[in-house]
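The values are calculated or read from the model by the stated rules, or taken from the named source; none is laboratory data. Worth saying up front: this structure is predicted, and the values here are computed from it rather than measured. Cβ atoms come from the backbone with ideal geometry, glycine included; neighbour counts cover every protein chain shown.
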DNA sequence: TTGATATGCAAGCAGCGGCTTGCCTACCAT
DNA sequence: ATGGTAGGCAAGCCGCTGCTTGCATATCAA
């Protein structure tokens, strides 16, 4: 079980959430190519896979397996742990 | 300059923000004793000082020096970088 | 079945981060 | 000036983390 705060403490993982937020339900290879295209990321497939594992363990990404493909969906729910911890931050947003 | 996400990726630093959120304008020694009392933290003064340095570098803590004392104030402003990055999280909060 | 596609597991390495230790500077009271 | 208080600087250690590499598993097409 990974902390939401730790999961977000990595620019690559945040970029993955960006990409999933823009186009949900991508597969691992799709995410790899998207990251390479849009941000010049030159990471291995395994690196991205491990990042996705962290995000999934933190509940920020939910997966669905069909055949030999695994689709990843962005789940913003756990982000409430951040905004809910320091109520004054909510005030400053509204 | 430290990232907001990295600054939050540490339970001690989050506890410091909790304490400052509860009672603002504390000094380093006050924060040390508060953490020790309320959470059983047995960290050195330097450790807390370094944590405060990270929080200040991330803009989450603002300081004011008077005499030989330095007062720390919680600034929730940078938290908007988190809630503002993935708009769907805002929706799920309201 | 054979080959190609899509993903998973595990070991190993390098770098960073948190913590301690030791010493130093600045301010205040007596 | 002296002693005590509040904080800062820097080096060093250790554990964790991100990344690679190599191999293995599972699914689909021909």
Complete set of residues in segment B:9-46 that are outside any loop (DSSP other than H, G, I, E, B) and touching a residue at least 24 places away in the same chain (Cβ under 8 Å): B:12, B:13, B:15, B:16, B:17, B:20, B:21, B:26, B:28, B:31, B:39
Any hit, segment A:32-43, residues being crowded, with 19+ Cβ neighbours inside 10 Å, within 16 Å of residue B:85 (Cα to Cα) and modelled with pLDDT of 95 or more: no
Which numbered condition residue A:25 fails, given (1) more than 11 Å from chain B (Cβ to nearest Cβ); (2) surrounded by 14 or more Cβ atoms within 10 Å (Cβ to Cβ); (3) within 21 Å of residue B:87 (Cβ to Cβ): (2)
Single unsatisfied condition, residue B:55 versus (1) crowded, with 17+ Cβ neighbours inside 10 Å; (2) out of contact with any strand residue (DSSP E or B) (no Cβ under 7 Å at 6 or more places or on another chain); (3) free of Cβ contacts under 8 Å to residues at least 60 places away in the same chain; (4) within 27 Å of residue A:17 (Cα to Cα): (2)
Checklist (1) within 11 Å of DNA strand C (Cβ to nearest atom); (2) within 14 Å of another protein chain (Cβ to nearest Cβ) applied to residue A:65, failing item: (2)
Residue selected from segment B:60-80 under the condition within 16 Å of DNA strand D (Cβ to nearest atom) and assigned to a loop (DSSP other than H, G, I, E, B), by the criterion modelled with the highest pLDDT: B:60
In segment A:5-22, residue nearest to the other protein chains (Cβ to nearest Cβ) [restricted to those that are away from DNA strand D (no atom under 16 Å from the Cβ) and under 17 Å from residue B:82 (Cβ atoms)]: A:21
